[in-house]
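The structure appears below as structure tokens.
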Amino acid sequence: MRISNKKMIEMYSTMVKIRRFEESIEELTASGTITGFVHLCIGQEAIAAGICGVLKDTDYITSHHRGHGHLIAKGGKTDLMMAELFAKQSGYCKGKGGSMHIADMDLGILGANGIVGGGPPLACGAALASQYKNTDDVTVCFFGDGAANEGTIHESMNLASIWSLPVIFVVENNGYGEFMSQKDHMRIENIADRASGYNMPAEIVDGNDLIAVFTAASKAVRQVRGGKGPVMIECKTFRIAGHFVGDPESYRDKQTVKKWQKAEKDPISRFEKILLEKKIATKSNIKKIKQEVHAEIEQSVEFAKSCPEPSTEDLLEDVYVD
Amino acid sequence: MATMNMSQAIKSALVFEMERDPDVFCLGEDIVPDPGGVFGVTEGLQDQFGKNRVRDTPISESALIGASVGAALSGLRPVAELMFVDFIGVGMDQLFNQAAKMRYMFGGRANVPMVIRTCCGAGMAAGPQHSQSLEAWFMHIPGIKVVYPSTPHDAKGLLLSAIRDDNPVVYLEHKELYYKDGEVPEGEYTVPLGKADVKLQGTDITIVATGLMVNRSLAAAEKLSAEGISVEVVDPRTLLPLDKDTILDSVKKTHKLVIVTEDVKFAGSSAEISAMVAEEAIEYLDAPIIRLAAPFCPVPFSPVLEAAFMPGEEQIIASVKKALQG
């Protein structure tokens, strides 16, 4: 399909931003500058960028514990995200949520989520709201191969199919559910096979090929906005980082990880090559994008460092709407 | 004013609010086909409001509660029916980890204006997994509200308030009370959440009771008054937030307290009320607080055992007399 150069550059920039943000978090956690559980999506940037690349602000997404990429790709502000990871008052959640609970209702981001499988029912609800109000907004439900085994995904895919809810179920199959590899946690290779159990169309794509992801997303969005009911896209990818920052990764060998970090497999390197080959960008453009992104992330770290801590007087604020 | 039972009162609140506010809709298992929910509360609602606004769901509690949360986040006001409170286990995450916490953990960026209506309580030989009183579980969750009416009047007024409240509300309906008649004003009125009601004024002793136990306490009070004992019966109506002031005012007046609830005594709803009174008004008490609640076992099926499980009038009378002995 025809994708404008502007769009291509935009999505490339998003991928670079996600990567730089995640590497930054890795460094900050390792140095003890920030605290708490963090789950990085390094290596999976093309999925966030490609899927969110077709969405509008009024479309919804539900995300999960490995959600920084989705948040950034949907338009989330990196300074507020960083401040939240620094547990500061000016963070997205006033320092009360942390990495797994960043949400932005104005951008249709119904939150990252600390419960594996927590998002799919919420996605059905947002899609229900679009259907109820007769808008053409869609909801993307991001979940992983680990979550695919939670009961909630079964209930949600079934509910979405019987009510023809405008949901795009995007399963990021990165090979691991926490510490367990896919071959051990399910008997099937393609999670997309499960969609037929709900009479739901499904497509399988190389999740590290941005254009393939974007193309599949475009087709899915057209179908779902048209009221034809939910669809599933399985994106095959690989989780470069451990389950969480600090994971000793005793369950997998380093060679496998190194293989997926090579340029021919890495989503950003692959797309960079296409941009250069098709002359959509020059080496100098690419360098400039990286510099700008790095500067933005550095600024967000400085912002986060400078923000005040939350006040203990605010401990009971926002438990209820008054 | 009209005479109706609690089931009809609940339905009239649903009808009123759905007519008034187009964002209110209902979903639940079997709420559409005759009789309209297991106890007929939602009978005819889909005929009146259509398929978009009254939705039958499959047997999928996580999805139905979670979809309610997602819809509430996205601007609607769902009223979900959980067929029996005992089924909350299947969808509990969506209530306590998602709905309850979202406003707080999203830094005030989200509201979850939803109601979960559900039936509770024993007395119908429905067995251990269909007869429980789980209000203590819900009271322990910051971020939600818990409502438990004991009369048709309160049922309608509280449901209107619950639907209009921008927080997630668990609204408990005792199965036996569905058939209880009472006077209900026509048209619009609300009963505020977080406000207890003194169902019977008295001077010798306070009974704080919830749900069906309010009725049993009132019946016991009538018998006791024939013996010259003046009982004050306080119905919290909302368990979370709890109206401490009304309870404490009563205890400060009568100096004696019996708490009657149907949930299991150990770590039950009565434990919170008891601890609160002891913390804040112990100098006003002339006798130890007495808690009358269910024994620490699952609800038995046998009607003989079930009747023994539930606090009864005779036990309430005995507890009152014991407290009066000081």
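List of remarks:
- Tally of residues being within 14 Å of chain A (Cβ to nearest Cβ) and small (Gly, Ala, Ser) across the stretch B:135-157: 1
- Some residue of the stretch A:178-187 being within 18 Å of A:Gly67 (Cβ to Cβ), at pLDDT below 95 and not aliphatic (A, V, I, L, M): yes
- If you go through the stretch B:152-173 and keep only what is closer than 10 Å to B:Val191 by Cβ and not in a helix (DSSP H, G or I), you end up with nothing.
- Residues of the stretch B:33-53 that are in a loop (DSSP other than H, G, I, E, B), at pLDDT 95 or above and more than 22 Å from the chain's Cα centre (by Cα): B:Gly44, B:Gly50, B:Lys51, B:Asn52, B:Arg53.
- With respect to the conditions (1) in a helix (DSSP H, G or I); (2) surrounded by fewer than 22 Cβ atoms within 10 Å (Cβ to Cβ), B:Ala63 lacks only one, and its number is (2).
- Only one of the numbered conditions (1) of a type outside the set (Lys, Arg); (2) within 14 Å of chain A (Cβ to nearest Cβ); (3) assigned to a helix (DSSP H, G or I) is violated by B:Asp56, and that is (3).
Residues are listed down the side, and each one gets a yes or a no for (1) buried (at least 24 other Cβ atoms within 10 Å of the Cβ); (2) not basic (Lys, Arg):
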site	(1), (2)
A:Lys88	no, no
A:Ile109	yes, yes
A:Gly119	yes, yes
A:Gln131	no, yes
A:Ile162	no, yes
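- Only one of B:Thr151, B:Thr118 that is without any contact (Cβ under 8 Å) to a residue 60 or more places away in the chain and under 14 Å from the mean Cα position of the chain (by Cα): B:Thr118
- Only listed residue being at pLDDT 95 or above and within 25 Å of B:Phe96 (Cα to Cα), chosen from B:Ala125, B:Ala155: B:Ala155
- Summed over the stretch B:233-243, the residues that are surrounded by fewer than 23 Cβ atoms within 10 Å (Cβ to Cβ) and either in contact with a His (Cβ under 8 Å, 6 or more places away or on another chain) or closer than 16 Å to B:Ala209 by Cβ (or both) give a count of 2.
- Each residue in the stretch A:65-83 was checked for being charged (D, E, K, R) and over 17 Å from the mean Cα position of the chain (by Cα), and 1 of them qualify.
- Every test in (1) in contact (Cβ under 8 Å) with a residue 40 or more places away in the chain; (2) outside any loop (DSSP other than H, G, I, E, B) is passed by B:Gln98 save one, and that test is (1).
- Test: residue in the stretch B:29-37 that is more than 13 Å from chain A (Cβ to nearest Cβ), crowded, with 18+ Cβ neighbours inside 10 Å and at negative phi: yes
- Looking at A:Ala263, A:Ala295, A:Ala241, just one residue is on the phi < 0 side of the Ramachandran plot, of a type in the set (A, V, I, L, M, F, W, C) and surrounded by 17 or more Cβ atoms within 10 Å (Cβ to Cβ), and that residue is A:Ala241.
- The stretch A:131-190: number of residues that are among the hydroxyl-bearing types (Ser, Thr, Tyr) and away from chain B (no Cβ under 14 Å): 2
- No other residue among B:Ile316, B:Ile273 is β-branched (Val, Ile, Thr), closer than 18 Å to B:Trp137 by Cα and crowded, with 23+ Cβ neighbours inside 10 Å apart from B:Ile273.
- Test result for B:Glu81, away from chain A (no Cβ under 12 Å), within 24 Å of A:Leu110 (Cα to Cα), among the acidic types (Asp, Glu) and crowded, with 23+ Cβ neighbours inside 10 Å: yes
- Any hit, the stretch A:205-221, residues being surrounded by fewer than 20 Cβ atoms within 10 Å (Cβ to Cβ) and at positive phi: no
- Helices (runs of 4 or more DSSP H) fully within the stretch A:214-322 that include at least 3 residues being touching a residue at least 40 places away in the same chain (Cβ under 8 Å) and out of contact with any Lys or Arg (no Cβ under 8 Å at 6 or more places or on another chain): A:267-277, A:283-306.
- Residue within the stretch A:29-39 that is without any contact (Cβ under 8 Å) to a residue 12 or more places away in the chain and within 14 Å of chain B (Cβ to nearest Cβ) present: no
- From the list A:Met100, A:Met1, the lone residue that is touching a Phe, Trp or Tyr at 6+ places or on another chain (Cβ under 9 Å) and over 30 Å from A:Glu249 (Cβ atoms) is A:Met1.
- For the stretch B:293-305, the count of residues that are in a helix (DSSP H, G or I), at pLDDT 95 or above, in the same structural domain as B:Ile207 (by TED's automatic domain parsing) and of a type in the set (A, V, I, L, M) is nonzero.
- Condition check for B:Phe87: under 18 Å from the mean Cα position of the chain (by Cα) and either buried (at least 23 other Cβ atoms within 10 Å of the Cβ) or touching a residue at least 12 places away in the same chain (Cβ under 8 Å) (or both): yes
- Set side by side, the residues B:Leu134, B:Leu212, B:Leu159 differ, and just one is crowded, with 24+ Cβ neighbours inside 10 Å and either outside the structural domain of B:Lys253 (by TED's automatic domain parsing) or closer than 26 Å to B:Ser62 by Cβ (or both), which is B:Leu159.
- For A:Ala103, the test of being aliphatic (A, V, I, L, M), in contact with a strand residue (DSSP E or B) (Cβ under 6 Å, 6 or more places away or on another chain), over 17 Å from A:His39 (Cα atoms) and within 12 Å of another protein chain (Cβ to nearest Cβ) is failed.
The values are calculated or read from the model by the stated rules, or taken from the named source; none is laboratory data. Values in this document were obtained by computation on a predicted structure and should not be read as measured data. Cβ coordinates were reconstructed from backbone atoms using ideal geometry, including for glycine residues, and neighbour counts include every protein chain displayed.
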